[in-house]
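Scroll down for the structure; my scribbles are underneath it.
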Amino acid sequence: MSVAEETPGGEDMPWGEVTPEAARRLLVAAVEAFAERGYHATTTRDIAGRAGMSPAALYIHYKTKEELLHRISRIGHDKALEILRAAADGEGTAGERLADAVRSFVRWHAERHTTARVVQYELDALGPEHRTEIVALRRESDAAVRRIINEGVAAGEFDVPDVPGTTVAVLSLCIDVSRWFNTQGRRTPDEVGALYADLVLRMVGAQKK
């Protein structure tokens, strides 16, 4: 599955924020290679070849293969945090905001399934400094969801004895979509998002109004 086969919906082209164009092409090629072969089995020659460039050209834009992975991971985790914070800070009840967070988060992992697999499952390949940076972003994403659930419990909307554990379960459920989603499957990203939002509201014992 390539980045080109993802279903970006109304978003711009994948990694449009990466410039110049040669750097973007290399990053897209790296996503495809890491998703297909895994980080450790991928060489810089593999990445350059997919981008239609020479191995020497890669080093003009990225000093190392790990720097490429870090760039991919940072952009992906920033997007994840943006999605979850927007829902947490939005209007509505805790139930409405949790459903919105799950729908949006799941939709991104389905639409960008190839990318999301690299972002979410190649964390251990990062160097210590970069891994610490990304783990901090993951904690912020956890905190955004945990805040919604805590607010739902405080308001009597949710019945959740273990908020931290439930938060991990919710995020894990959403993230795992990137492992199995298929553009040829019977559900669209929007439909999967709606299904998971309903499942999560059931998980937290949301009181229907």
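The values are calculated or read from the model by the stated rules, or taken from the named source; none is laboratory data. Bear in mind that the values here come from a model prediction, so they are computed numbers and not experimental data. Heads up, the Cβs are rebuilt from the backbone with ideal geometry, glycines too, and the neighbour counts pull from every protein chain shown. Just so you know, the surface numbers come from the protein's heavy atoms only, side chains and all, with ligands and any DNA or RNA stripped out. Shrake-Rupley method; radii C 1.70, N 1.55, O 1.52, S 1.80 Å.
All of ARG117, ARG139 fail the test of being part of a helix (DSSP H, G or I), within 22 Å of HIS70 (Cα to Cα) and in contact (Cβ under 8 Å) with a residue 60 or more places away in the chain, apart from ARG117.
Results for (1) open to solvent by 20 Å² or more (accessible area, probe 1.4 Å); (2) touching a helix residue (DSSP H, G or I) at 6+ places or on another chain (Cβ under 8 Å), shown as yes or no for each residue.
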position: VAL31; (1), (2): no, yes
position: ALA35; (1), (2): yes, yes
position: ALA41; (1), (2): yes, no
position: THR44; (1), (2): yes, yes
position: PRO55; (1), (2): yes, yes
position: LEU58; (1), (2): no, yes
position: TYR62; (1), (2): no, yes
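Among the residues of the stretch 149-167, those identified as in contact with a helix residue (DSSP H, G or I) (Cβ under 8 Å, 6 or more places away or on another chain) and assigned to a helix (DSSP H, G or I) are ILE149, ASN150, GLU151, GLY152, VAL153, VAL163, PRO164, THR166, THR167. Of the residues making up the stretch 168-201, those that are of a type in the set (Val, Ile, Thr) and either under 16 Å from the mean Cα position of the chain (by Cα) or not in a helix (DSSP H, G or I) (or both) are VAL168, VAL170, ILE175, VAL177, THR183, THR188, VAL192.
Residues in the stretch 84-114 that are in a loop (DSSP other than H, G, I, E, B) and either without any contact (Cβ under 8 Å) to a residue 40 or more places away in the chain or open to solvent by less than 10 Å² (accessible area, probe 1.4 Å) (or both): ASP89, GLY90, GLU91, GLY92.
Which residues, taken from the stretch 136-147, are closer than 17 Å to GLY90 by Cα and within 19 Å of the chain's Cα centre (by Cα)? Within the stretch 136-147, GLU140, SER141, ASP142, ALA143, ALA144, VAL145, ARG146 meet the criteria. Given the residues LEU173, LEU199, which is the only one that is open to solvent by 40 Å² or more (accessible area, probe 1.4 Å), more than 13 Å from GLU111 (Cα to Cα) and in contact with a Phe, Trp or Tyr (Cβ under 9 Å, 6 or more places away or on another chain)? So the residue among LEU173, LEU199 that is open to solvent by 40 Å² or more (accessible area, probe 1.4 Å), more than 13 Å from GLU111 (Cα to Cα) and in contact with a Phe, Trp or Tyr (Cβ under 9 Å, 6 or more places away or on another chain) is LEU173.
Can you find a residue that is polar (S, T, N, Q), without any contact (Cβ under 8 Å) to a residue 60 or more places away in the chain and exposed (fewer than 15 other Cβ atoms within 10 Å of the Cβ) anywhere in the stretch 145-156? Within the stretch 145-156, not a single residue is polar (S, T, N, Q), without any contact (Cβ under 8 Å) to a residue 60 or more places away in the chain and exposed (fewer than 15 other Cβ atoms within 10 Å of the Cβ). So how many residues does the stretch 115-144 have that are crowded, with 19+ Cβ neighbours inside 10 Å and among the hydroxyl-bearing types (Ser, Thr, Tyr)? Residues in the stretch 115-144 being crowded, with 19+ Cβ neighbours inside 10 Å and among the hydroxyl-bearing types (Ser, Thr, Tyr): 2 in total.
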